[in-house]
Amino acid sequence: MTSDKGGTEERGAGEGGTDGPRTPDDRGLSTVEVVILAPVMILFILVLVAFGQLVDGRGAIDGAARDAARAGSIQKDHATAMSEARKAADADLSDVCSGPVSVVQTSQGFAPDSIFTVEVSCEVRGLAMLGLDIPTTLTASFSSPLDPFRRAA
């Protein structure tokens, strides 16, 4: 396009050009933005993954408590019940916990027609992947009625 003075006009944003004339000071601005924003975005993604692991750990702990209570409630005697409850919880939490799994009976006794309640807890990785040494211990409790047709052997 030519102006009425005989020179050429600069192209504007609506004419297929840029938003305006670029100055030499604008060079490399995108690179600086990426250098500043990339670590922030990576940290944000890592925080999301860490909290995702906590949510996954919460679900695994709840499931392990359920499985431990059920495994113990179908046994004939108290010692076998606790042993089987520990085995069930360990099997469920082998890839979730970063330390030992604790299984504690919180119900009274092991009499027929009663409830067998266990509390399962362990330390999950969670925020440790970010370098934050914050111990995160998750605990869940579950109850199961003692099976009237418990195993005889």
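Throughout, read-outs are computed from the coordinates displayed, never taken from laboratory work. These numbers were taken from a predicted model, which means no experiment stands behind them. As a convention, Cβ positions derive from the backbone with ideal geometry for all residues, glycine included, and neighbour counts pool all protein chains shown.
Over the stretch 29-145, the reciprocal of the mean inverse Cα-Cα separation, the Kirkwood hydrodynamic radius, stands at 15.9 Å. Here MET82, MET41 are placed in order of increasing Cβ neighbour count within 10 Å, fewest first, which gives MET41, MET82. In this rough spin-label picture, where each label sits 7 Å from Cα along the Cβ direction, the VAL40-ALA111 distance is 6.4 nm.
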